[in-house]
Amino acid sequence: MDKSTIVCKCEEINIDEIETALKAGACQFDDIKRLTRCGMGPCQSKVCTNMVREIIAAYTGEPMEHIEYPKNRMPIKITRLGVLVANQETSSVVSVFKESVSEVDTNG
Amino acid sequence: MEFELVIIGGGPAGLMAALTAAEKGVKTAIVEESFALGGQLRQQAQVLENLPKEFGKQSGIALAKFFSNKVSSIGVTALLGHTMIGTYRNGTIGVSNGKDTFPIYAKKILVTTGAAEQAALFPGWTLPGVMTIGAAQILLNRERVLPGKEAVVLGCNSISYDIAKQLRACGVNVQGIIEKKSIDEIDKELIEKFESENIEVFFHSNIEKAAGKQHVEKVWIDNDVLKKEREIDLVCISNGLYPVTEPLELLDCEFTYIENLGGRIPKYGSSFTTSNSSVYVAGNAAGITCIEGILVTASIAVTGILEDLAILNNIEAKKQKEILWTELLKAETGRYSKVHDARISLVNDFLPKEI
Amino acid sequence: MYINDHPLLESEFLEEITFFYEGKQLIAKSGQTVAAALMGNGIKVFGVSRKLQQPRGVFCANGRCCSCFVTIDGLDHTLSCMTRIEEGMQVFFNGGDPVVGRGGSGI
Amino acid sequence: MDKYVDIAIIGSGVVGSSIAYHLSESRQKEIIVIDKGFPLSGTSGSTQAWVWVHNKSPSWYGELSMYSAELYPFLEKKIGDVEYKRTGGIAPFFDEEDREKALKLAEKQAEVGIKVEVLNRNQVLEKEPVLSSKIAGATYSSIDGNVNPFRLVELYIKAAKKNDVKFSFYNPVIDIKKESGFFRITTKNEGTYTAEKIILAGGPWTKELGSFLGIDIPVKQVRGQILVTEPLAPLFRHTIAGMRQTDNGEVLIGYSKEEVGYDRRTTMEVIQDTAKMAVDYIPALANANLVRSFSGVRVIPEDGFPIVGEISNIKNAYLAVMHSGVTLSPLVGTLMAELLLEGETSIDLGRLSLDRFEKKSNGAVVQ
C-alpha cells in the first residue's frame, strides 16, 4: 500500500511515519505515539488503534495479541474546560506563586 | 446523584439489565450519551431472527421502542445526553452532560458500552462519503437521510448483507461487495443470500484506493485478475466490530486478549463480574456476540448484581444463572460457538479469584 | 437528501425547523442530528483537516471518530453527529484551524 | 554475555541522556545507557517542560537554574533545535496582600542576579491580555521559558549516538554489584555489563537502583496531573506558572502534586480542579476542548533540591536525581562530564551531595 496513506485521521499520521518510528526502535503503540503524535488527536486513537497495531505486528512479526493497546486517558470523550469547571468554586491546585513565596518564608 | 445500580450505555444489554433490575426494585440509572435509548438497535430495520422467546420476532427499531417505553414506565432514571468521561479517586464515575460534570455514586456499575466498528485502511479512506456501514445505516434509518446514491461495500458479512439490502430498498445503487477473502472462505448461505438479491460480490479483492476532489468519487477495486474502476459516491466499510471498553479501563478492570471475543476484553467470571468487584460487564463489551447473546449476558450480569445486593439469595441466583448459561450456550451456536468456547475459558480462568 | 417515504419504516411526522449553515437558511427535521441535517441538504463536506487541509465528513456517526466536527453557535470542534439540530442554530464549516507546528506533549 | 564499558548510565530520561551526551563530547570513554523502557515513557515524557527560574528559591537554587537556562541556547547550537523558547515567565497572584511577598522574592533573587519584576494588574494584562482581569498582579522574569521535551531527549540521544554512546532500551536493570573495583550490572535482556563507573539517573526509580548498592536515596515520588487542550490559535506567548501553549497550539495545564507512589492514573478531582485553575487564569479557555489528561510521576528529593555527585562511600558511583530535570539538564550534564572526566567541577557540588541528608540527621545545619 502507498506509504503516504493516512492511518491516524486526527493527527494525519501516515504509514511511513509509523514505520520510521518502528525503525527507531519503538515497538509499542504508546512509544510510536510519543514519536509521531499518532493517536493523540481528538478521537484519542479510538479509530486507528487496531490499524496501527496491525502495522506494528506486520513490522515486528509479533502476533497481534502481543501488541499492546494505547493507554486510555480521561476524559473518554473531549470535554470543554468550562463544562468540567461548571459550578466548582475552589481549586486544590496550588499556584506556583504561593508555593514559591512560602518557600521564601521558610527557607529564605 | 446516587443509585444502587448505574448502567453505562443504553443499548440492548443495558436496557435488558435495567428492566430486570428495576422490576426487582433496584434504584437504577442508565448513562447514555445519545439523545435516545436503544443504542444500535435504533437503526436496525431488519427483523432480528434469534431473539429470546419472550420477544418473538421483531425489528431492532421496534425492540428499541419496546425497551425504552418499558424502561421509562418502570422508573429507571435515563440520563440521556450524559457521557461517562472518567473516574474519581475512589472509583466513583464522573459524568458530563455538556453543561456540568459531576460524580454519580453507585453500589454497582454495569458497563454495557457495546461495540464499535473497525475502520479499514486504504488510500482515500478519510474522504467524506467513505463511512462505516453502521454510519450509513444510522443516516438511512435513524435520520432518514440518504448517505449516497452509488455505493460499494467493503466486507462480505451478515451486517453488510442486511444494510446493503436496506440501502438498495431506499434507492441506493449498491454496485457490489468487495471481499478480501476467497469465495471458499465465506459462508455458503451468505453468498446465496447476496446472489438471490442480485448483489455482486467481488471475492479476493480489495479497495486499492478511493479518490475524489471534495468527497469520494471513484474507487479502484484490486483483484488478482482484473482492476475495476468504479464511479461511486459512497463507500461503506464493514470490517467487523470490537468491544468498547474505555470505561472499564478507567475503572481499573484487568484485561485480557481473546481474538474470538473481539480482541482486548475485560476479564470476568460466571456472573460477568470483573476484577473490580463492583463493576460488571455485559453485551458486546464482554465479547462480540449475537443479539441473543447480548441480551442473555445482560440477564446473567444482572442476576449476579441482584445476588450481590442480597435481593436474590444464593440458591435462587445460582439456579437462575444455570438456566441463563444454558440459554447462552444455545444462543451462541453455529458461527458463534467459537465465541462461546472463548467465553467459557475466560470464565474458567477467572474462577480462582471468585473463591 | 431526505428520504421522505421510507420504504422500510413507518411514516413519521417530523416537524420542519430552520437552521443556518454558513449564514444560509436551510430546513431540517426536528429530532435529527446536525450531521444528518447537513447531509439531508446535500452537504457532505463538513470541514477540512488541520494539517493537510483534506476534506472531512461523517465517518462513524456514533460520536467516536471526531471526523464530523463543525462550529455550532460559536463553539468550534463540536461533534455534529451527537448534537441535535435546533431552530435557528448557526452552523459553520470546520475550517480555518490555526496552522500550527508539530511540537509534542506528554501522553 | 559480559560486556565491558567505562561508564554505565542507568536511565535515559532527560538527565541520563544529557549526561551521556555531555560525557561523549570528548569521545574518551566507552559509554552505555540502559533504560527499562523506551525514552520518554517515564517522567521526561510527561512534563510541561518549563525551563523555569524566577521563583526557584532559595536564591542559590534559583542561581543554578539560571545557569542551566543560560546554557540552552548553546546546547541548541550543538545538538539541534529543541524548540527552546525564552518566553518570559508570569506567576500571577490574586490577592493584593501577596504583593509584599512578591517584592521580597524579587529582592532575594536580585542578590544572585535573577531579575524578577513585580507587575500590577495593568502591566500583567499588557503583557498577556488574555489573562483574567481578576488577577491582582504577578511576578515576572524574562529568563523563564520552555522546551519540547520530546525533541530534547531525542536530540540528546541522537547526538550521543553520533559520539558512539550505546543505548539499551526495554532492558530493566535487575541487580548491581560492586566486585573488585568494578560494577557488575545485571540486566533483564542483555546479560551483565561490567563498568568502571556507574551513574544512577533513574528519576523516580532511583531509590530502587540505590538499594542494589545498599544505599538509601531520600527521594519521593510525586504525581503531577496535566491537562492537554485541542490545538488552539496562538492564545498566549509567555510561560504562565501553571500552563503554557506548545508550538502545535495545545495548551498544557497543571500544577498538582500528590504522593501516591508510582501510580500514573489521572483522577476527575484533579482534572476538574486544574480546569478551574485554567479558567480562573484565562477565562477564554472555558470553550476549549480538553482532549486528554496525563500524569507524570516526578522524583523529588526529600528537601526539594538536586542530589548530584559521587556517592561518598562508593567510589566511582554517581548520582544525578532532581525534580527539575528539564530545567537543569544542560547544567547537570556539563557538571557530571567535568566531574567524571576531570575530577573537578566549575561549580561546587558540595551543596548537592547526598551527604547533606546524613549531616541533617546529625543535627548539623545544611545550606
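The values are calculated or read from the model by the stated rules, or taken from the named source; none is laboratory data. This one's a predicted model, so the numbers in the text were calculated from it and none came from an experiment. Cβ placement follows ideal geometry from the backbone for every residue including glycine, while neighbour counts extend to all protein chains displayed. Surface accessibility is based on the protein's heavy atoms, side chains included, excluding ligands, DNA and RNA. Shrake-Rupley method; radii C 1.70, N 1.55, O 1.52, S 1.80 Å.
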So if the hydrodynamic radius of chain C is defined as the Kirkwood radius over C-alpha pairs, what does Stokes-Einstein give as its diffusion coefficient at 25 °C and 0.890 mPa s, in µm² per second? 165
Local electrostatic count at B:Ala62 - Lys and Arg +1, Asp and Glu -1, tallied over other residues with Cβ under 12 Å: +2
Consider a paramagnetic label point 7 Å from the Cα of B:Glu316 along Cα→Cβ; state which residues of region B:1-29 have an amide N under 13 Å from it. B:21, B:23-26
Please compute the average number of Cβ atoms from other chains found within 10 Å of each residue's Cβ in peptide A:26-33. 4
When the Cα centres of region D:43-94 and region C:20-84 are compared, how far apart do they sit, in Å? 42
For region B:39-157: relative contact order, % (alpha-carbon pairs under 8 angstrom, 6 or more apart): 18
Could you tell me which of D:Asn120, D:Ala69, D:Tyr140 has its Cα farthest along the dipole of region D:63-156 towards the positive end, charges placed at Cβ (Lys, Arg +1; Asp, Glu -1), taken about the Cα centre? D:Ala69
Give the A-D buried accessible area in Å², both sides summed, 1.4 Å probe, nearest 100. 4200
How many partner chain Cβ atoms sit within 10 Å of a residue's Cβ in peptide B:168-175, on average, as a whole number? 2
Compute the relative contact order of chain B as a whole-number percentage, counting only Cα pairs closer than 8 Å that sit 6 or more residues apart in sequence. 17
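With +1 on the Cβ of every Lys and Arg and -1 on the Cβ of every Asp and Glu, and nothing else charged, how large is the dipole of region D:219-301 about its Cα centre, in debye rounded to the nearest 20?
220
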Pairwise burial A:B, computed as accessible area of each alone minus the pair, summed, 1.4 Å, Å²: 2400
Aspartates and glutamates with Cα under 20 Å of D:Lys104, excluding same-chain neighbours fewer than 8 positions away: A:Glu99, A:Glu103, A:Asp105, D:Glu63, D:Asp95, D:Glu96, D:Glu117, D:Asp144
Can you pull out the buried accessible area for chains B and C, both sides counted, probe 1.4 Å, rounded to the nearest 100 Å²? 3000
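If packing is taken as the average count of other Cβ atoms within 10 Å, what order do B:88-99, D:247-258, A:23-34 fall into, highest mean first? Let's see the in-between values first.
Details: B:88-99: 17.4, D:247-258: 21.9, A:23-34: 20.2.
Going from most to least packed, we get D:247-258, A:23-34, B:88-99.
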At a probe size of 1.4 Å, how large is the accessible area of B:Lys107, to the nearest 10 Å²? 120
Testing the spin-label approximation: label points 7 Å from Cα along Cα→Cβ at D:Ser180 and D:Val112. State their distance in nm. 4.6
How would you order B:237-248, D:106-117, D:80-91 from highest to lowest mean count of nearby Cβ atoms within 10 Å? B:237-248, D:80-91, D:106-117
For D:Asp2 paired with C:Asn4, estimate the spin-label separation in nm (one decimal), with each label point 7 Å from Cα along the Cα-to-Cβ line. 8.9
Qualifying GluC sites (Glu not before Pro) for region B:156-247 [loop in DSSP, other Cβ within 10 Å: at most 15]: B:Glu197, B:Glu200
Could you sort D:62-70, C:56-64 so that the peptide with the highest average Cβ count within 10 Å comes first and the rest follow in order? C:56-64, D:62-70
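Can you tell me the accessible area per residue over region D:219-301, all protein chains present, probe 1.4 angstrom, in square angstrom?
In whole numbers, region D:219-301 has 24 Å² accessible per residue.
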Considering the dipole of the protein assembly as shown built from charges on the beta carbon (Lys and Arg +1, Asp and Glu -1) around the Cα centre, which of A:Thr5, D:Leu235, D:Ile185 is farthest to its positive end? D:Ile185
For region B:181-232 and region B:244-268, write down the distance between their C-alpha centroids in whole Å. 33
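Could you report chain A's accessible area per residue, 1.4 Å probe, as an integer in Å²?
That works out to 38 Å² for each residue.
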Taking every residue of D:147-158, the Cβ atoms of other protein chains inside 10 Å of its Cβ average out to 2
Tell me the carbon and sulfur percent of the accessible area for region D:161-213, rounded to whole percent, probe radius 1.4 Å. 51
Kindly provide the helix-only [θ] at 222 nm of chain B, computed as the sum of -39,500 (n - 2.57) over DSSP H runs of four or more divided by all residues, to the nearest 500 deg cm²/dmol? -10000 deg cm²/dmol
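With a sphere of radius 15 Å drawn around the Cβ of C:Phe93, what net charge do the other residues whose Cβ falls strictly inside it have (Lys, Arg +1; Asp, Glu -1)?
Its environment carries a net charge of 0.
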